[in-house]
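The values are calculated or read from the model by the stated rules, or taken from the named source; none is laboratory data. Computed from a predicted structure; not experimentally measured. Neighbour counts are summed over all protein chains in view; Cβ atoms, including those assigned to glycine, are modelled from backbone coordinates with ideal geometry. Heads up: the accessible areas ignore ligands, DNA and RNA and are worked out on the full protein's heavy atoms, side chains in. Shrake-Rupley method; radii C 1.70, N 1.55, O 1.52, S 1.80 Å.
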Amino acid sequence: MKHILLSLGMAATAVTAWGAETLTSPDGKMKMEFDLVAGGIPQYSLSLDGKQIIAPSRLGFKLLKVGDLTDGFKVLSVDTASVDETWKPVWGEESEIRNNYKEMKVALQQPSTKHRMDIRFRIFNDGLGFRYEFPQQKKLAHFTIEDEITEFAMTGDHEAYWIPADYETQEYDYTRSRLSEIRENMHEAWTHHNSWEGLVSPTGVQTALMMKTDDGTYINLHEAALVDYPAMHLELNDTTNVFKALLNPDADGYMAVMHTDCVTPWRTVIASKDARDILASRITLNLNDPCKIEDTSWIKPMKYVGVWWEMITGKSKWSYTNDLPNVHIDRPEDYLTVKPHGRHGATTENVKRYIDFAAEHGFDGVLVEGWNIGWEDWSNRFKDEVFDFVTPYPDFNLPEIREYAKAKGVEMIMHHETSSSIRNYERRMDEAYKFMKDNGYNAVKSGYVGFILPRGSKHYSQWSVNHYQYAVEKAADYKIMVNAHEAVRPTGLCRTWPNLIGNESARGTEYQAFGGSKPSHTTILPFTRLIGGPMDYTPGIFEMDISKINPKNKSWVNTTLANQLSLYVTMSSPLQMAADFPENYERFMDAFQFIKDVALDWDKSWYLEAEPMEYLTVARKEKGADRWFVGGTNGETPREAVVDFSFLPKGKYKVTVYRDGKDAHYRNNPQSYVVETKTVTNKSKMKVYTAAGGGFAMTVLPEEK
Ligand code: NOJ
Ligand code: CA
């Protein structure tokens with residue numbers, strides 16, 4: 001930008017002559033332009049290799065009462081910076097992450113109101129992040145956002161992989177369509193979830209949104225560092241292909257209340273001609289603050305089993321009795337007088353069976369759901385006092401289980417279903433966390449099923465977002481790791497708070513027992529949900545016919561067994577469950593070996609092949625060990641994956657391959673698989689057949705000399 005000093009009459013006045021300002025990525029390929037147009041309207045655009053991928057798009061806000069931050073701006077100053085650093089995450093897909101970007105902060109002022117609004121842009125080789133910053137100011141000490149008008153103007157009618165915008169759930173199957181076809185597919189996409197009522201717009205979609213242009217550019221829109229602000233959906237104008245931010249309102253109908261100085265989350269655009277770069281991008285993590293936990297030695301990746309799938313499939317129950325009128329969480333003694341229904345899953349005996357299995361096969365933890373009183377009447381009833389988080393059912397002998405697990409070297413994982421009564425959870429949180437620590441629990445799976453209490457709050461509003469954050473930070477005080485289900489989708493906050501070792505926040509394996517998910521589901525999640533952080537997807541289902549578990553449940557798991565193994569690599573997470581029953585693993589011990597062996601934390605990852613909603617192949621090196629694991633997840637169309645072993649150092653390696661049989665198919669022959677061993681070097685390329693809904697996994701070890 002050029003600052004020109006002009007002399008006007010007798011007084012010397014500083015006037016800024018404004019021209020578009022550009023910011024170019026370190027490798028020079030990604031370029032963004034910022035400009036004030038037609039009366040001071042801020043807008044930006046983005047191009048890759050000289051081709052626009054975001055056409056000029058507006059920036060700003062509509063505010064309640066105090067005048068909008070949409071136009072009439074002038075530039076006060078422009079500051080630039082350039083950063084190239086590496087940092088070490090506590091856990092993750094790599095042990096060192098490079099953070100390399102060019103930055104430009106544009107300080108804006110509205111002369112008519114004296115309001116200040118700055119926009120900070122960071123451009124990386126693989127994309128752009130920008131956020132709004134509001135310095136502390138008298139004229140705008142606090143304000144209420146009615147609407148964020150940030151736009152992402154697409155340059156064509158791209159193919160998109162999307163789920164409907166919804167203020168209450170993220171647990172949808174993905175639809176693939178042109179942008180112009182979102183509206184006509186919305187109803188069908190929405191009925192794929194079918195138990196909620198939160199659909200918000202006929203053209204609204206959730207982030208992270210993945211797209212592909214006709215000339216093969218992959219574009220991903222999401223956000224980073226979502227703190228004290230509502231989650232952003234995207235609303236499409238389907239005649240112009242322009243997306244606009246669609247924030248999740250609070251109970252009062254407004255989007256956010258801001259107190260200066262403050263910042264918004266980063267809005268992110270990741271783009272490349274190569275789909276693998278989207279998976280390799282670290283923009284989301286890099287835009288989050290460094291770790292705020294000083295001593296992280298207590299944060300440990302975990303592989304676990306649990307008393308869970310039996311309730312999800314309907315074989316057993318979370319609750320203890322059907323005698324609902326006669327039990328109340330304020331009167332635990334009630335439970336001693338009522339008749340149990342006999343199908344309670346979390347019994348001491350059953351839990352011990354899982355502890356034995358975990359100990360025998362080297363698992364770190366055992367999760368138990370339905371251990372605490374209150375499940376007789378828990379969901380969607382706007383019940384305030386629904387769980388107390390500290391009182392076990394009479395047939396769950398907590399001290400006995402605690403000592404049994406301890407003796408066997410297994411950690412118990414706590415479960416806090418809140419039933420979305422955030423009021424109740426916050427009131428009881430200290431007591432609940434303290435109870436955990438007193439009983440040797442270091443990790444909690446929390447859950448937010450049903451509508452939020454207080455009534456009227458939505459799942460991804462500023463208020464709810466603040467709660468999820470509060471729960472994670474308070475857990476850190478207690479040295480507790482958190483795996484939150486149904487909480488807002490992650491935005492890289494695990495960099496700052498690595499005790500957030502898991503989130504669900506998308507359609508997980510549970511839906512395979514609720515009617516099934518599309519066979520391609522796990523070939524799109526790494527491009528969407530996982531952009532923000534790992535998912536507690538709970539893979540490892542070996543018995544696909546759910547009616548064999550519960551004759552009343554006709555659901556079918558729409559993947560092959562080898563596909564289930566692949567997910568431990570393609571859906572990287574420091575927290576991985578082996579979700580099926582011990583007895584199902586005992587039927588397929590040679591395949592189960594992979595789940596026992598696979599690592600949870602990595603030195604490095606290589607994305608060997610990728611196409612959204614079709615397939616992905618990923619290789620990873622275990623952190624601090626000479627062991628490599630490869631996973632290939634396939635969608636609906638059978639194909640031959642190619643594993644290029646050039647990621648290996650020199651030498652000979654023994655590869656154990658777990659792959660689909662030639663006759664495997666997710667629907668009619670999911671348990672057809674082959675386990676075989678081969679020898680490779682870093683010059684080898686291996687073709688591996690993957691069936692419909694199939695996949696493969698590999699363990700790669702140096703050959704003994
Ligand atoms: C939904 C969660 O995703 C699931 O894992 C859990 O078992 C139930 N809620 C009950 O809390
Ligand atoms: Ca869920």
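Some notes on this structure:
- Residue count for segment 530-539, restricted to those that are more than 16 Å from ligand 1 (Cβ to nearest atom) and either among the hydrophobic types (A, V, I, L, M, F, W, C) or modelled with pLDDT under 95 (or both): 2.
- Any hit, segment 542-551, residues being open to solvent by less than 10 Å² (accessible area, probe 1.4 Å) and either within 15 Å of ligand 1 (Cβ to nearest atom) or in contact with a Cys (Cβ under 6 Å, 6 or more places away or on another chain) (or both): no
- Per this entry, E504 is not counted among residues that are surrounded by fewer than 23 Cβ atoms within 10 Å (Cβ to Cβ), on the phi < 0 side of the Ramachandran plot and of a type in the set (D, E, K, R).
- For segment 509-529, the condition holds for at least one residue, the condition being that it is open to solvent by 10 Å² or more (accessible area, probe 1.4 Å), within 16 Å of ligand 2 (Cβ to nearest atom), at pLDDT 95 or above and within 23 Å of R276 (Cα to Cα).
- Residue within segment 187-203 that is modelled with pLDDT of 95 or more, closer than 26 Å to F451 by Cα, part of a strand (DSSP E or B) and open to solvent by less than 50 Å² (accessible area, probe 1.4 Å) present: no
- Among the residues of segment 102-128, those that are touching a helix residue (DSSP H, G or I) at 6+ places or on another chain (Cβ under 6 Å) and part of a strand (DSSP E or B) comprise H115, F124, G127.
- Neighbours by Cβ (under 6 Å, 6+ apart or cross-chain): first from segment 476-503, among the acidic types (D, E); second part of a strand (DSSP E or B) and within 15 Å of ligand 1 (Cβ to nearest atom): E486/G447
- Any pair with Cβ under 6 angstrom, 6 or more apart, that starts in segment 429-456 at a residue that is small (G, A, S) and within 15 Å of ligand 2 (Cβ to nearest atom) and ends at one that is part of a loop (DSSP other than H, G, I, E, B) and open to solvent by less than 40 Å² (accessible area, probe 1.4 Å): G447/E486; G450/S379; G450/S419; G450/S420
- Taking segment 626-654 as the range and being open to solvent by less than 10 Å² (accessible area, probe 1.4 Å) and either of a type in the set (K, R) or out of contact with any helix residue (DSSP H, G or I) (no Cβ under 8 Å at 6 or more places or on another chain) (or both) as the test, the residues that pass are A641, V643, F645, L648.
- Residues that are more than 11 Å from the chain's Cα centre (by Cα), among the acidic types (D, E) and within 16 Å of ligand 1 (Cβ to nearest atom), drawn from segment 467-494: none
- Contacts under 8 angstrom Cβ, first residue in segment 638-652 being farther than 26 Å from A691 by Cβ, partner of a type in the set (V, I, T) and loosely packed, with under 13 Cβ neighbours inside 10 Å, 6 or more apart: K652/T679
- Search result, residues across segment 148-162 that are open to solvent by 10 Å² or more (accessible area, probe 1.4 Å) and either within 16 Å of ligand 2 (Cβ to nearest atom) or assigned to a strand (DSSP E or B) (or both): E151, E159
- Sole exception among (1) of a type in the set (A, V, I, L, M, F, W, C); (2) away from ligand 1 (no atom under 16 Å from the Cβ); (3) under 24 Å from D384 (Cβ atoms) for W497, by number: (3)
- Output for segment 405-431, where each listed residue is open to solvent by less than 60 Å² (accessible area, probe 1.4 Å) and closer than 18 Å to N350 by Cα: A405, V410, M412, I413, M414, H415
- Within segment 273-317, helices (runs of 4 or more DSSP H) holding 1 or more residues that are over 18 Å from the mean Cα position of the chain (by Cα): 275-280, 309-312
- Of the candidates A487, A471, A475, the single residue that is within 16 Å of ligand 2 (Cβ to nearest atom) and at pLDDT 95 or above is A487.
- Residue check for T296: under 30 Å from Q137 (Cα atoms) and either among the polar types (S, T, N, Q) or open to solvent by less than 10 Å² (accessible area, probe 1.4 Å) (or both): no
- Tally, over segment 488-501, of residues that are open to solvent by 10 Å² or more (accessible area, probe 1.4 Å) and among the β-branched types (V, I, T): 1
- Sub-7 Å Cβ pairs linking a first residue in segment 506-526 that is within 15 Å of ligand 1 (Cβ to nearest atom) to a second residue that is assigned to a helix (DSSP H, G or I) and open to solvent by less than 10 Å² (accessible area, probe 1.4 Å), at least 6 apart or interchain, are A506/L525; R507/H521; A513/I546, ordered by first then second residue.
For every residue, the table says whether it meets (1) more than 16 Å from ligand 2 (Cβ to nearest atom); (2) part of a helix (DSSP H, G or I); (3) over 23 Å from G661 (Cβ atoms).
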| site | (1), (2), (3) |
| --- | --- |
| N553 | yes, no, yes |
| T559 | yes, no, no |
| A562 | yes, yes, no |
| D590 | yes, yes, no |
| I595 | yes, yes, no |
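- Filter result (in contact with a helix residue (DSSP H, G or I) (Cβ under 8 Å, 6 or more places away or on another chain) and open to solvent by 60 Å² or more (accessible area, probe 1.4 Å)) within segment 66-101: V66
- Some residue of segment 605-625 being surrounded by 18 or more Cβ atoms within 10 Å (Cβ to Cβ) and over 30 Å from the mean Cα position of the chain (by Cα): no
- Applying the set (1) in contact (Cβ under 8 Å) with a residue 24 or more places away in the chain; (2) out of contact with any Cys (no Cβ under 8 Å at 6 or more places or on another chain); (3) not in a strand (DSSP E or B) to G253 leaves exactly one unmet item: (1).
- Of all residues in segment 440-466, those that are in contact with a strand residue (DSSP E or B) (Cβ under 9 Å, 6 or more places away or on another chain), open to solvent by less than 20 Å² (accessible area, probe 1.4 Å) and more than 15 Å from ligand 1 (Cβ to nearest atom) total 5.
- M571 within 20 Å of the chain's Cα centre (by Cα), at pLDDT 95 or above, open to solvent by less than 10 Å² (accessible area, probe 1.4 Å) and under 22 Å from M412 (Cβ atoms): no
- The single residue among Y174, Y167 that is open to solvent by 10 Å² or more (accessible area, probe 1.4 Å), closer than 25 Å to S420 by Cβ and either within 16 Å of ligand 1 (Cβ to nearest atom) or touching a Gly at 6+ places or on another chain (Cβ under 7 Å) (or both) turns out to be Y167.
- Taken over segment 370-397, residues that are under 29 Å from the mean Cα position of the chain (by Cα) and buried (at least 22 other Cβ atoms within 10 Å of the Cβ) amount to 8.
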